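Enquirer: Here's a structure for you.
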Amino acid sequence: MNDFIQLLKSKELKATPQRISVLKELDKKTHPTIDDLYDSLKKENPSMSLATVYKNLAMLKEKGVVIEVNVADGKMRYDIYSKPHIHVVCSSCGAIEDSDYDQNLFDYQAALEEKQKIHILRMDVIASVSHCRFCK
């Protein structure tokens, strides 16, 4: 929990119980939809409203703590952005796995920044696959 408090403070956000609950749930690496997230949070915090979940997710996204993963089924999924990583999305079963960047992607980002004369804040990379280890 201290990691979440530090993460929130580093982004100049108050460490509210609701935000910590959202981050704890996202830390399970299940890449939930908003409905899945709300259902899980509701079990721990019966008084938490869907509006509260939306409001906190929006603030966490705005500050770069949480990212949306756009998948083929049209339902956004959510993840903590703790470090650069690729989301490998299976179009068959819908599973989402995190995969670390390797040096080639960091080199590509640096080359792109140089070529375009820009600074990339974050690269969101989604790799779509037709089948994965979960559905074979």
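Enquirer: Regarding residue 22, is this residue under 16 Å from residue 126 (Cα atoms) and among the hydrophobic types (A, V, I, L, M, F, W, C)?
Expert: Considered against the rule, which asks whether it is under 16 Å from residue 126 (Cα atoms) and among the hydrophobic types (A, V, I, L, M, F, W, C), residue 22 comes out as no.
Enquirer: Got a number for residues in the stretch 16-59 being open to solvent by less than 40 Å² (accessible area, probe 1.4 Å), among the small types (Gly, Ala, Ser) and without any contact (Cβ under 8 Å) to a residue 24 or more places away in the chain?
Expert: 1
Residues are listed down the side, and each one gets a yes or a no for (1) touching a Lys or Arg at 6+ places or on another chain (Cβ under 6 Å); (2) over 26 Å from residue 130 (Cα atoms); (3) among the aliphatic types (A, V, I, L, M):
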{"site": "5", "(1), (2), (3)": "no, yes, yes"}
{"site": "16", "(1), (2), (3)": "no, yes, no"}
{"site": "21", "(1), (2), (3)": "no, yes, no"}
{"site": "46", "(1), (2), (3)": "no, yes, no"}
{"site": "54", "(1), (2), (3)": "no, yes, no"}
{"site": "85", "(1), (2), (3)": "no, no, no"}
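Enquirer: Further question: In the stretch 119-136, what residues are assigned to a loop (DSSP other than H, G, I, E, B) and open to solvent by 90 Å² or more (accessible area, probe 1.4 Å)?
Expert: 119, 121, 124, 131, 133, 134, 136
Enquirer: Which count do you get for residues in the stretch 1-42 that are of a type in the set (D, E, K, R), part of a loop (DSSP other than H, G, I, E, B) and under 17 Å from the mean Cα position of the chain (by Cα)?
Expert: Final tally of qualifying residues: 4.
Enquirer: Here's something else I'd like to know. Could you list all residues from the stretch 94-118 that are within 19 Å of residue 73 (Cβ to Cβ) and either of a type in the set (Ser, Thr, Tyr) or open to solvent by 70 Å² or more (accessible area, probe 1.4 Å) (or both)?
Expert: Across the stretch 94-118, there are no qualifying residues.
Enquirer: Among the candidates 21, 49, which residue alone is among the small types (Gly, Ala, Ser), farther than 11 Å from residue 79 by Cα and in contact with a helix residue (DSSP H, G or I) (Cβ under 6 Å, 6 or more places away or on another chain)?
Expert: 21
Enquirer: Now for a separate question. Take the residues in the stretch 60-93 that are modelled with pLDDT of 90 or more and out of contact with any strand residue (DSSP E or B) (no Cβ under 9 Å at 6 or more places or on another chain), then tell me which one is most open to solvent (accessible area, probe 1.4 Å).
Expert: 62
Enquirer: Return the pairs, sorted by first residue and then second, in which the second residue is among the aromatic types (Phe, Trp, Tyr) and open to solvent by 50 Å² or more (accessible area, probe 1.4 Å), the first residue lies in the stretch 73-101 and is closer than 16 Å to residue 123 by Cα, the beta carbons are less than 9 Å apart, and the residues are 6+ apart or on different chains.
Expert: 84/106
The values are calculated or read from the model by the stated rules, or taken from the named source; none is laboratory data. Given the structure is predicted, the values throughout are model-derived calculations rather than measurements. Positions of Cβ are generated from backbone atoms using ideal geometry, with glycine treated the same way; all protein chains shown enter the neighbour counts. Surface areas here come from the heavy atoms of the whole protein model, side chains and all, with no ligands, DNA or RNA. Shrake-Rupley method; radii C 1.70, N 1.55, O 1.52, S 1.80 Å.
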